[in-house]
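A short reminder: the numbers here are calculations on the coordinates, not readings from a lab. Everything numeric here is computed off the predicted structure, so don't read it as measured data. Neighbour counts run over all protein chains shown; Cβ positions are idealised from the backbone, glycine included.
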Amino acid sequence: MKKSLFVFFLCLMSFASTNAQTSTSNTKTTVASPDSNVNFRLYQTNNRWTFLKLDTRTGVIMHVQYSTDSDAMQYELNSMPLAEGEDAKSGRFFLYPTENTFNFILLDQVDGRVWQVQWNIDKNKRGIWRIY
């Protein structure tokens, strides 16, 4: 009986070790706040230094890059609000990650419009584009 338990635990530890070694990302997974009344959400990218800050009322997105030295910065991916005035309500917009490191899908949860969001350090490779 003891031998059977030992073999079982040995197999279990071997399986856990194998799964830990096949992990492809060293980035922590963050979970968005369940509170739908927040004005801003911070979304983690697969780049350890980069987050996307979404204004959930207007759909405006900022690229946020933190740093251990003086290279921290923020810049807009889209400067034009996608909802304004009384239409700009907390929780209206939400970002969904894709398998592409640089791309997210932005959803207007009120009317169903969607955009492809692409972040990049290079200004010519970033922006948002409506998906029709």
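Mind giving me the FRET efficiency for Y132 and D71? R0 is 35 Å, r the Cβ-Cβ distance, nearest 0.05 is fine.
Values: r = 37 Å, r/R0 = 1.06.
Working from the Cβ atoms, E equals 0.40.
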Arranged by the count of other C-beta atoms within 10 angstrom, fewest first, what order do V64, V38, V117, V110 take?
V110, V38, V64, V117
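Among K89, K123, rank each residue by its count of other Cβ atoms within 10 Å, from fewest to most, as a rough exposure measure. Provide the component values of the computation, followed by the final result.
Numbers: K89 16, K123 8.
Listed from fewest to most nearby Cβ atoms, that is K123, K89.
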Using the Kirkwood radius over Cα pairs of the range 37-131, the Stokes-Einstein translational diffusion coefficient at 25 °C and 0.890 mPa s, in µm²/s and rounded to a whole number, is 182 µm²/s
Mind checking the full-extension length gain between S90 and Q118? Use 0.36 nm per residue of separation minus the Cα-Cα distance, one decimal, nm.
7.8 nm
